[in-house]
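Student: The structure follows.
Where a number appears in this text, it was derived from the coordinates with a stated rule and is not lab data. Please read all numbers here as calculations on a predicted model, not as lab measurements. Note that we place each Cβ from the backbone using ideal geometry, even for glycine, and neighbour counts take in every protein chain shown.
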C-alpha cells in the first residue's frame with residue numbers, strides 16, 4: 001500500500017528528521033510492518049533536512065507532497081528551530097510536520113503548536129507508538145485536504 005495525497009495521484013514522500021538510529025529504524029520498520037511502501041528519506045538533523053528541502057544538499061528534494069516526521073531533540077538544529085526555519089521559507093511554510101519526542105514538557109508542546117505542527121507525538125514505547133503513528137498518518141492522508 002502507498003499513501004497518496006487526496007488532491008492527486010502523487011505518492012507522498014516522508015522525510016524523517018531523526019538523529020537516533022534506533023528510533024529511525026523503528027519508524028522504518030513500523031511503515032514496513034503496516035505494508036506502507038512510501039519512500040522514507042532520512043535527515044540526521046534540522047540542518048540536513050532544511051538543506052534537502054531547499055535543494056542545497058547533494059540529495060535533491062523530491063517534489064511535493066512531502067510529510068515531515070521531526071524529532072525534537074537533535075544536535076545542530078533541533079526540531080523547534082527547524083520548524084521555525086520551515087515556516088519562514090515561502091515555499092515550505094505549509095509543509096505538514098509532526099513532531100516526535102520523548103518530551104512531555106508543556107513549553108515544548110506549546111512551542112510546537114505555536115508553529116502549526118500537525119501533531120505533537122510523545123514516543124514512549126517505540127514499537128507500539130510507531131505502529132500507532134503509522135496508522136494515524138495513513139488515516140490523516142485519507143481524509144485531509146492539503147493545499148497544492
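Student: If you take the C-alpha gyration tensor of region 13-140, multiply each eigenvalue by 5 and take the square root, what semi-axes do you get, largest first, in whole Å? Show your work: numbers first, answer last.
Tutor: Values: eigenvalues 81, 64, 37 Å².
Each semi-axis is the square root of five times an eigenvalue, giving 20, 18, 14 Å.
Student: Sort 104, 25, 13 so the one with the fewest other Cβ atoms within 10 Å of its own Cβ comes first. Intermediate values should be presented prior to the final figure.
Tutor: Working: 104 10, 25 14, 13 18.
Sorted ascending by nearby Cβ count, the order is 104, 25, 13.
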